[in-house]
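Peer 1: Please find one structure pasted underneath; my questions will follow.
The values are calculated or read from the model by the stated rules, or taken from the named source; none is laboratory data. Because the structure is a prediction, the values reported are computed rather than measured. Here the Cβ positions follow ideal geometry from the backbone for every residue, glycine too, while neighbour counts run over all protein chains shown.
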Amino acid sequence: MDERTTVLDRAEERNIGQAIWRGTLCRCPHCGKGKMFRAYLKVADECSVCGEELKYHRADDFPPYIAITIVGHIIIFLMLHMDMTYRVEPITYMITMIPLAIVLSLLILPPIKGAIVGWQWASRMYGFGAHRTD
């Protein structure tokens, strides 16, 4: 890393909280206006508004782990609440909780992945901090 890149990196401070929030909204972590995803979970190569390159992300398996943890806590809470409040047959859990777990997971995956990509961008991970001179 040369001295010029270090000076440029320090000159452009990136707010981690703001980048994570923009990512949660599935927007570009740099400008907050362009869409982060070109498909359901496919991150766009670059922002259509500001041109920020987003192809450097490495979210990999982290978003599903977070989604499983969140959904698992919600489902277990609901099951415990239903069991303590009502007399519930086991088939009721299968009919209600399995579809709920699937739907919740699918709904929260894009915002979680967006937040992780935003965090990586703000932290300059995996090439997000590289400046090109061409």
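Peer 1: Which condition number does D60 fail, the rest of (1) over 13 Å from the mean Cα position of the chain (by Cα); (2) farther than 21 Å from C31 by Cβ; (3) outside any helix (DSSP H, G or I) being met?
Peer 2: Tallying (1) over 13 Å from the mean Cα position of the chain (by Cα); (2) farther than 21 Å from C31 by Cβ; (3) outside any helix (DSSP H, G or I), D60 fails exactly one: (1).
Residues checked against (1) over 11 Å from the mean Cα position of the chain (by Cα); (2) in contact (Cβ under 8 Å) with a residue 24 or more places away in the chain:
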| position | (1), (2) |
| --- | --- |
| I20 | no, yes |
| A44 | yes, no |
| C47 | yes, no |
| I74 | yes, yes |
| T96 | yes, no |
| P110 | no, yes |
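Peer 1: Sticking with this structure for a sec: When I75 is evaluated against the numbered criteria (1) at pLDDT 95 or above; (2) out of contact with any Leu (no Cβ under 8 Å at 6 or more places or on another chain), which criterion, by number, is the only one it fails?
Peer 2: Looking at each condition in turn, I75 falls short on (2).
Peer 1: Follow-up question, since we're still on this one. Quick check on region 54-67. Is at least one of its residues surrounded by fewer than 19 Cβ atoms within 10 Å (Cβ to Cβ), of a type in the set (A, V, I, L, M, F, W, C), closer than 16 Å to S105 by Cα and at pLDDT 95 or above?
Peer 2: Checking region 54-67: at least one residue is surrounded by fewer than 19 Cβ atoms within 10 Å (Cβ to Cβ), of a type in the set (A, V, I, L, M, F, W, C), closer than 16 Å to S105 by Cα and at pLDDT 95 or above.
Peer 1: Could I ask something else about it? Would region 89-100 turn up any residue that is assigned to a loop (DSSP other than H, G, I, E, B) and modelled with pLDDT under 90?
Peer 2: no
Peer 1: Answer yes or no as to whether I75 is surrounded by fewer than 16 Cβ atoms within 10 Å (Cβ to Cβ) and farther than 20 Å from Y126 by Cα.
Peer 2: Taking the combined requirement at face value, the residue does not satisfy it.
Peer 1: Working only within region 87-125, note down all residues that are among the charged types (D, E, K, R) and buried (at least 19 other Cβ atoms within 10 Å of the Cβ).
Peer 2: K113, the sole residue that qualifies.
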